[in-house]
Amino acid sequence: MAAILAIETATHLCSVAVGREGSLLAERNEEGEGFVHAEKLHVLVAATMAGAGLRFADLGAVAVGIGPGSYTGLRIGLSAAKGFAHALGIPLLGVGTLDILNAALPGADPHLVRRPMVDARRMEVFTAAFTAAGRPLDSPGPLVLDEAWARGPGDGSVVFGDGADKAAALWAMAPGIVHVPGVRPWARALLGLAEVRSRNGVVDDLAYLVPLYGKEAAVTRPRS
């Protein structure tokens, strides 16, 4: 199998990795309070390819996280991935960011529902429920985190991701929820999911793959 370049930009993390047949060859990650994707993504791609000792001609596919998450981050990441796939004439593989985040979680209690969470500002997150084996139990969507959810539908869950990390005080009051801090949708986690898709011949249409933003953009009209 040829190498796969993986790009994930749905959150404040700008993450790039390249791997082949289950082996991570190189990765670069940068995360800050703001979004650095426009300035850093192509720099990180170049550094990752150099770190792996690969040429772009060695790539067999490009994988990209498609959200939900930041409007700007997703557009930048998907545009870059489409550009590489088109220029190199190789397949494009779009993978949901919550799936990537779920794959990034280390071993957890198999009896708990896994709930990866991407920050959607204030106390809102994008989330979906997964089994310990990674099977989705519902569709991704927005959720407002509050005490009623933590003591009701969320009870018996393990929560993780930047959306979960911002609500640490809430989890401290919810004994039925396990919070695993510091988990991010690293591109290295995307690689494994992308390799499965590539082996099964499941690829995306370069022209029609679009980000899964999670909800409509809030557009305001300037005052006259």
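Miscellaneous remarks
- Some residue of segment 42-49 being surrounded by 20 or more Cβ atoms within 10 Å (Cβ to Cβ) and touching a Cys at 6+ places or on another chain (Cβ under 8 Å): yes
- Candidate set from segment 1-55 (those that are assigned to a strand (DSSP E or B) and of a type in the set (Asp, Glu)); member that is farthest from residue 69 (Cα to Cα): 27
- Condition met for residue 94 (closer than 22 Å to residue 212 by Cα, crowded, with 21+ Cβ neighbours inside 10 Å and touching a His at 6+ places or on another chain (Cβ under 8 Å)): no
- On inspection, residue 136 qualifies as touching a strand residue (DSSP E or B) at 6+ places or on another chain (Cβ under 6 Å) and under 24 Å from residue 107 (Cβ atoms).
- Subset of segment 57-86 that is of a type outside the set (A, V, I, L, M) and not in a helix (DSSP H, G or I) - its residue that is farthest from residue 193 (Cα to Cα): 70
- Meets criteria (among the charged types (D, E, K, R), outside the structural domain of residue 44 (by TED's automatic domain parsing) and within 25 Å of residue 34 (Cα to Cα)) for residue 147: no
- Counting only helices (runs of 4 or more DSSP H) wholly contained in segment 87-169, the ones carrying 1 or more residues that are in contact with a helix residue (DSSP H, G or I) (Cβ under 8 Å, 6 or more places away or on another chain) and closer than 16 Å to residue 193 by Cβ occupy 97-104.
- Within segment 157-215, the set of residues being assigned by TED's automatic domain parsing to the domain that holds residue 141, among the acidic types (Asp, Glu) and crowded, with 20+ Cβ neighbours inside 10 Å comprises just one member, 162.
- Some residue of segment 189-208 being in contact (Cβ under 8 Å) with a residue 24 or more places away in the chain, over 30 Å from residue 86 (Cβ atoms) and in contact with an Asp or Glu (Cβ under 8 Å, 6 or more places away or on another chain): no
The values are calculated or read from the model by the stated rules, or taken from the named source; none is laboratory data. Keep in mind that this is a model prediction, so the values were computed, not measured. All Cβ positions, glycine included, derive from the backbone under ideal geometry; neighbour counts span all protein chains shown.
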